[in-house]
Amino acid sequence: MPLLKVGDAAPAFSVVNQDGTAVSLEQFKGHFLVLWWYPKADTPG
């Protein structure tokens, strides 16, 4: 998948949150949403 640029629409996805509940982007349609992640959180170093 190519990298996203500022202003690009986020691709459809779903993840499991900290409570073990599945969450999908579709659930937030029509709302503002901030996505934050730590890309190196599961890597050594």
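The values are calculated or read from the model by the stated rules, or taken from the named source; none is laboratory data. Keep in mind the model is a prediction, meaning the values are calculated, not measured. Because the Cβ atoms are built from the backbone with ideal geometry, glycine has one as well, and the counts that use them run over all protein chains shown.
A few remarks follow.
- Gln18 vs. criteria part of a loop (DSSP other than H, G, I, E, B), without any contact (Cβ under 8 Å) to a residue 12 or more places away in the chain and either of a type outside the set (Phe, Trp, Tyr) or touching a Gly at 6+ places or on another chain (Cβ under 6 Å) (or both): yes
- Residue among Thr21, Thr43 that alone is exposed (fewer than 10 other Cβ atoms within 10 Å of the Cβ), over 12 Å from the mean Cα position of the chain (by Cα) and modelled with pLDDT of 90 or more: Thr21
- Count of residues meeting criterion [in a loop (DSSP other than H, G, I, E, B) and among the acidic types (Asp, Glu)] in region 21-45: 1
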